[in-house]
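The values are calculated or read from the model by the stated rules, or taken from the named source; none is laboratory data. Keep in mind it's a predicted model, so treat the numbers as computed, not measured. Cβ coordinates were reconstructed from backbone atoms using ideal geometry, including for glycine residues, and neighbour counts include every protein chain displayed. For accessibility, only protein heavy atoms count, side chains too; no ligands or nucleic acids. Shrake-Rupley method; radii C 1.70, N 1.55, O 1.52, S 1.80 Å.
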Amino acid sequence: MAAEIHSRPQSSRPVLLNKIEGHSDGVNAAVLIPKEDGVITVSEDRTIRVWLKRDSGQYWPSIYHTVSSPCSSVSYHHESRRIFIGQDNGAIVEFLISEDFNKMNHVKTYPAHQNRVSELIFSLESQWVISTGHDKSISWMSTQSGSMLGRHSFGSWASCLQYDNDTQHAFVGDYSGQITLLKLDEQTCSVITTLKGHEVKYIKIAVVTPSLYAPVNPVVSSGVTIAILISCFTGYHSEKVQALRYLPLTHQLVSCSADGGITVWNMETTREEAPQWQDSDSCQKCGQPFFWNIKQMWDTKTLGLRQHHCRKCGKAICGKCSSKRSTYPIMGFEFQVRMCDDCYDTIKEEDRTPLATFHEGKHNIAYMDMDPSRGLMVTCGSDRVVKIWDMTQVVGSSVAAGFSPR
């Protein structure tokens, strides 16, 4: 079922400690059990499994439970041992896990959505289970009565969710590239703001709550959760980002992508926003027409050129005026990208100092969970493999500081 790989890190990179196999379909989520050598997995094969580490160093399932529909998401609350499973049919199933992690009893089934549950969060303070789904909605239901408290609809599939217990604010990202900030109440909700401008259809969100972020930077307006909001997409990974985790004590962001990439970003540095790409019918450097500018091509008796864009200034330029390539980490470009000749000349050697480290997970990652207090990370994907990593040499002093996630 599982193989022990390493016991301790050997260098400043993620070290694979264990590999868990045995699912018959893709693993959609894997959660580390706090203070235990255990992992909870949910899968397309309709199983919920609790894996505990045995004396042999291998992980074996102590709970193997099958539900009626493929499992799409999970939220686990360790203090109460309550676990909520989102399903492909739109339902959320609640179970209570025994103290010895050998038994799981059904508590309630919540009719939350009419289509696949994309993400869910259990709030002990509110006694709510909040979820988003492919029916283009967010819903919040009472875990005491099992009844629906409220629902809000969007124009596209809701793909990701973050929630702040203190302020009852929810961030919802959807497939149109939009992020909506909502204030949830018992029966209604209000839209605080909508963040637009993403040029891709798939986003992920990492949010730092005011109470965690205040010691780092007190600029938090009116108690709203917008302390840090980061959306990542394919620009810095070769495939879409599947998971984000912000570590406030070390000011690092960990991102994992479908290509198996694991990236650790330094978030202490003040970053520059990448410019919007400009539109033009001719090169904004030399004035040569682009190939669709028939009139200028005819007037000047020249062939049209292909349009490119400088990643630093955003101007529309031709290939001749953008022959240089450079990294520019302060803007997020850790790999070499196209620059116009003028911008390339303004970049100093110290501007190219990397602000992120890149590592290889060697499997396509669909979900990631971290326990910074122990320096552990778990990844899983459609290859049916779950991997447990030692991140102590990568995420720095988070372990020494004893940070424990809320």
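What order, most packed first, do the peptides 98-104, 307-313 have when packing is the mean number of other Cβ atoms within 10 Å of each residue?
Values: 98-104: 12.7, 307-313: 20.7.
The peptides rank, most packed first, as 307-313, 98-104.
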Q: With θ set to phi - 60°, apply the Karplus curve 6.51 cos²θ - 1.76 cosθ + 1.60 along segment 44-59 and write out the HN-Hα couplings as whole Hz, x wherever there is a Gly or Pro.
A: 5, 7, 6, 9, 10, 10, 10, 9, 10, 7, 8, 4, 6, x, 9, 9
Q) Which percent of the accessible area of segment 294-352 is formed by carbon and sulfur heavy atoms (probe 1.4 angstrom)? A) 53 percent
Q.
If you roll a 1.4 angstrom probe over the protein chains with everything in place, what fraction of the accessible area of segment 26-109 belongs to carbon and sulfur, to the nearest %?
A. 43 percent
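Listed highest first by mean packing, meaning other Cβ atoms within 10 Å per residue, what order do 134-140, 371-377 come in? If you can, show how the numbers build up before the last one.
Values: 134-140: 22.0, 371-377: 20.3.
Most protected by this proxy first, the peptides run 134-140, 371-377.
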Q. For segment 294-352, what log10 I(q)/I(0) values come out of the Debye formula at q = 0.23, 0.26 1/Å, with one point per alpha carbon and no solvent?
A. -0.85, -1.02
Q: Amide H neighbours of A316 under 5 Å, at least 5 residues apart or on other chains, H built in the peptide plane: list them.
A: Q278, Q284
Q. So if we plug the beta-carbon distance of H77 and S24 into 1/(1 + (r/R0)^6) with R0 = 30 Å, what FRET efficiency do we get, rounded to 0.05?
A. 0.60
**Q.** Histogram of C-alpha separations across segment 34-165, 10 Å bin width, %
**A.** 13, 44, 32, 10, 2, 0
(Q) Restricted to Cα positions, what overall size does segment 264-406 have along the principal axes? Three whole-Å values, descending. (A) 68, 37, 24
